[in-house]
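Heads up, the thing below is written out as structure tokens.
No lab work stands behind these numbers, since they all come straight from the coordinates. Since the model is a prediction, treat every value here as computed from it, not as a measurement. Positions of Cβ are backbone-derived with ideal geometry, glycine not excepted, and every protein chain shown enters the neighbour counts.
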Amino acid sequence: MHKPDSQSSVADAMRWSTQVTSIAIELALPAGGGLWLDRKYGTMPWFTILGALMGGYLAFRGLQQLIRDLEK
């Protein structure tokens, strides 16, 4: 039988893993989309760079939100 504290710990771990995964996806998806556009249109590396910058911005915002949630 689980203690109420252990259930809370599992729920916290699930929230953390979801948020960290979201941040990773926010970083990788735009860069991957930029790479796909570069290969399609032969504009290497411009869309990849743009996608990486956009992904970095989105990941930074997600990290800021995560920190705000921790401070509550």
Grab the DSSP H runs of the chain that are 4 residues or longer, score each as -39,500 (n - 2.57), total them, divide by all residues and round the 222 nm result to the nearest 500 deg cm²/dmol. -32500 deg cm²/dmol
Tell me, what is the percent relative contact order of region 21-71, built from C-alpha pairs under 8 Å that lie six or more residues apart? 41 percent
Using the Cα centre as the reference, give the magnitude of the dipole from point charges on the C-beta atoms of region 21-71 (Lys, Arg: +1; Asp, Glu: -1; all else neutral), rounded to the nearest 20 debye. 200 debye
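Can you give the direction-averaged projected area of the convex hull of the alpha-carbon atoms in the chain, in nm²?
Numbers: hull surface 23.4 nm².
Reported value for the Cα convex hull: 5.8 nm².
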Whole-Hz ³J(HN,Hα) for each residue in region 42-48, computed from phi via Karplus 6.51 cos²θ - 1.76 cosθ + 1.60 with θ = phi - 60°, x for glycine and proline: what do you get? x, 10, 3, x, 5, 5, 5
Dipole of the chain, positive direction: furthest Cα of A28, V10, L70, with charges on the beta-carbon: A28
Spacing of the two label points (7 Å from each Cα toward its C-beta) at I49 and A13, in nm: 4.3 nm
Quick one: if you stick a label point 7 Å off each Cα along the C-beta vector at V20 and Q65, how many nm between them? 1.8 nm
